[in-house]
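Undergrad: The structure follows.
The values are calculated or read from the model by the stated rules, or taken from the named source; none is laboratory data. Quantities reported herein were computed from a predicted structural model and do not represent experimental measurements. Using ideal geometry, Cβ is built from the backbone for each residue, glycine included, and neighbour counts are taken over all protein chains shown. With ligands, DNA and RNA removed, areas are computed over all heavy atoms of the protein, side chains included. Shrake-Rupley method; radii C 1.70, N 1.55, O 1.52, S 1.80 Å.
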Amino acid sequence: MNGSTRVRRQLPSSPWLFAAPGLLVIGAFVLHPFVSTVVNAFTDRRTLVPGEFVGLDNFRELIHDDMFWIGLRNSTLYVVGVVPALVVLPLLLALLVQKNIPGITFFRSAFYTPVVASIVVVGLIWVWLLDERGLVNALLETVGVGRVGFLSDQWLLLLSAMTVTVWKGLGYYMIIYLAALANVPRELHEAAAVDGAGPVRRFLAVTVPAVRSTMVLVAALSSVAAFKVFSEVYLLAGPSGGPAGEDTTLVMLVQRTGTGLSGRVGYASAISVVVFVVTVALMLLVLRADRREES
């Protein structure tokens, strides 16, 4: 009796013992860095100097920093250019590979391969393709178009980085859409076909409403990832952020400002706080738009 009572008394704490390792990891690598970043944003801390409290001085400096506005512009354009493509194209790709026909597994694997490939390897491949002496320019020159400065023109470089992001993310979001399409009742498509609806009308009237919640999820995930873009632009544009730094994104600015022996950790933390606030705002806007659409 005493043994069973002792076991029952120990049971309430046992879930916390299982959760403790995960909570420790989250605390050490998520919560602590987040709190430290917010605290440092209000100091003039440098890499080797603890710094002192300066209030909102870092945020005031942001307002007058031209490079900050360039980074904000590029990050915003990245969201505008990437998110619609990553919401629509993976859905169309999922519809193509949804059917169980011979050999379709190969195409599913092929479309998903860029997702598991290292972003560094992917970036180097695209640099080789888009360089002025790369394969794409060689083909353009062959057909008489001439060489195009994909990596030397400010806007073409940003567009090239967007292309890499979309190409690499297609397979990931395709899998999400495949899971959603598997839950769409076939009877809805059959009923629409009986009513005379063609493939396009069935897509707009049956498929899109059925996977709308998944489209909202994809929009939220891709918008946050696009606003925090770093690797694609860094690999294609280099550490300088393209010609005169005109392709620098906010996360690139954080890395450039806050690293090195003389890195301005406090100022970089202030930029990071702005990135966090904007990403949260993006998610809230997407969710609010979805709720308004439902109502």
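Undergrad: What residue among GLY171, GLY260, GLY123 shows peak mean-square fluctuation when the chain is described by a Gaussian network model with Cα springs under 10 Å?
TA: Its mean-square fluctuation being the largest, the pick is GLY260.
Undergrad: Under 5 Å between amide hydrogens, which residues at least 5 positions from THR43 or on another chain qualify, with H placed 1.01 Å from N in the peptide plane?
TA: It is VAL54, by chain and number.
Undergrad: Using helices alone, I'd like the mean residue ellipticity at 222 nm for the chain: each DSSP H run of four-plus residues gives -39500 (n - 2.57), total over residue count, nearest 500.
TA: Helix contribution divided over all residues of the chain: -22500 deg cm²/dmol.
Undergrad: Give, in nm to one decimal, the length gained when the segment between ARG73 and ALA20 is fully stretched (0.36 nm per residue of separation minus the Cα-Cα distance). Present the calculation step by step, with values, prior to reporting the outcome.
TA: Details: separation 53, 0.36 × 53 = 19.08 nm, distance 4.16 nm.
Result for the pair: 14.9 nm of gain on full extension.
Undergrad: What net charge is computed for the residues neighbouring PHE111, neighbours being all others with C-beta under 15 Å from the C-beta of PHE111, Lys and Arg scored +1, Asp and Glu -1?
TA: So the environment of PHE111 carries a net charge of +3.
Undergrad: Can you give me the relative contact order of the chain as a percent, contacts being Cα pairs under 8 Å and 6 or more apart?
TA: Dividing the mean separation by the residue count of the chain yields 30 percent.
Undergrad: When the Cα atoms of the range 177-242 are enclosed in a convex hull and the volume is divided per residue, what value in Å³ results? Show your work: numbers first, answer last.
TA: Numbers: hull volume 7.0 nm³, N = 66.
So the per-residue hull volume is 107 Å³.
Undergrad: Something else now. ³J(HN,Hα) across the range 63-76 via Karplus (A = 6.51, B = -1.76, C = 1.60, θ = phi - 60°), whole Hz, x for Gly/Pro?
TA: Here the 3J(HN,Hα) series is 4, 9, 8, 4, 5, 5, 5, 5, x, 5, 4, 5, 5, 5 Hz.
Undergrad: Moving to a separate point now. What translational diffusion coefficient, to the nearest whole µm²/s, does the range 56-292 have by Stokes-Einstein, given a Kirkwood radius computed over alpha-carbon pairs, a temperature of 25 °C and 0.890 mPa s viscosity?
TA: 123
Undergrad: Separate question: Could you run the Karplus curve 6.51 cos²θ - 1.76 cosθ + 1.60 with θ = phi - 60° over the range 275-288 and give me ³J(HN,Hα) per residue in whole Hz, x for Gly and Pro?
TA: Result, ordered by residue: 4, 4, 4, 5, 5, 5, 5, 4, 4, 5, 5, 5, 5, 5 Hz.
Undergrad: Just reorder GLU61, GLU232, GLU141, GLU246 by solvent-accessible area, largest first, 1.4 Å probe, all chains present. Walk me through the numbers on the way to the answer.
TA: Values: GLU61 70, GLU232 30, GLU141 95, GLU246 50 Å².
Final ranking, largest accessible area leading: GLU141, GLU61, GLU246, GLU232.
Undergrad: Right, something else. Take the alpha carbon atoms of the range 184-233, find their center, do the same for the range 27-46, and report the distance between the two centers in whole angstrom.
TA: If you average the Cα positions of each part, the centres end up 39 Å apart.
Undergrad: For the range 56-292, what is the accessible area per residue in Å² when the probe is 1.4 Å? Let's see the in-between values first.
TA: Working: 12600 Å² over 237 residues.
Counting only protein heavy atoms, the per-residue value for the range 56-292 is 53 Å².
Undergrad: Could you tally the net charge around LEU282, taking each other residue with its Cβ under 12 Å from the Cβ of LEU282, Lys/Arg +1 and Asp/Glu -1?
TA: Result for the neighbourhood of LEU282: +2.
Undergrad: Apply the Karplus curve 6.51 cos²θ - 1.76 cosθ + 1.60, θ = phi - 60°, to the phi angles in the range 104-110 and return the couplings in whole Hz, x for Gly and Pro.
TA: Once θ is set to phi - 60°, the couplings for the range 104-110 become 5, 4, 4, 5, 4, 5, 5 Hz.
Undergrad: Excluding the sites themselves, what is the longest stretch of the chain that contains no trypsin sites (Lys or Arg not before Pro) in a DSSP loop with at most 12 other C-beta atoms within 10 Å?
TA: That would be 134-295.
Undergrad: Ignoring ligands, DNA and RNA, what percent of the 1.4 Å accessible area of the range 79-130 is carbon and sulfur?
TA: Carbon plus sulfur share of accessible area: 78 percent.
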